[in-house]
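Okay, so here's the structure we're looking at.
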Amino acid sequence: MNNQLNPSASNTSANERVKMQVEVVFALPKEQYVVDIELPVQSTVDDAIRLSKIMEKYPEIDLDVNKTGIFGKPAKRDAVLHPGDRVEIYRPLICDPKEMRKQRAKEGKAMRSGG
């Protein structure tokens with residue numbers, strides 16, 4: 001009986017053999033793209049984006065402009081992922097949220113005063 005290890009298995013690192021599931025998400029005003037992927041443990045946000053092939057489907061994504069996050073919290077592209085994480089690619093803001101609130105408040109005052 002031969003008890004030697006499989007030589008091809010010894011050529012891959014432990015992290016490459018152990019996989020985890022993560023989700024990659026990109027939302028447009030009228031469409032959401034959600035893909036579940038499997039990747040090696042210790043993979044990064046950048047790895048997940050690359051393996052999801054989302055850049056092929058949405059070539060307008062520019063990772064120098066679009067921010068990324070994990071579960072709604074900003075994350076750098078070299079952040080290490082954990083099993084079950086949701087990687088999010090954010091679209092640039094169209095307008096400043098503070099300015100929009102000010103504008104709505106101003107319009108509300110004008111409506112109440114009959115202006």
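The table below gives the values:
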item: At most 13 other Cβ within 10 Å, DSSP loop - trypsin sites (Lys or Arg not before Pro), segment 15-115; result: Lys30, Lys53, Lys76
item: Leading residue at positive end of dipole, segment 13-112 (Cβ point charges), from Pro29, Tyr58, Gly84; result: Pro29
item: Kirkwood Rh and Cα Rg combined as Rg/Rh, segment 57-104; result: 1.08
item: Surrounding net charge for Val35, when Lys and Arg each add one and Asp and Glu each subtract one, Cβ distance under 15 Å; result: -4
item: Other-chain or far-sequence residues with amide H under 5 Å of Ser43's (modelled H); result: Leu81
item: For segment 13-112, size of Cβ-based charge dipole, Lys and Arg +1, Asp and Glu -1, in debye; result: 820 debye
item: Over 16 Å [Cα-Cα, segment 13-112], rounded percent; result: 61 percent
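The numbers here are math on the coordinates, done by the rules we state, and not lab data. These numbers come from a predicted model, not from an experiment. In this analysis, Cβ positions are derived from the backbone assuming ideal geometry, glycine residues included, and neighbour counts consider all displayed protein chains.
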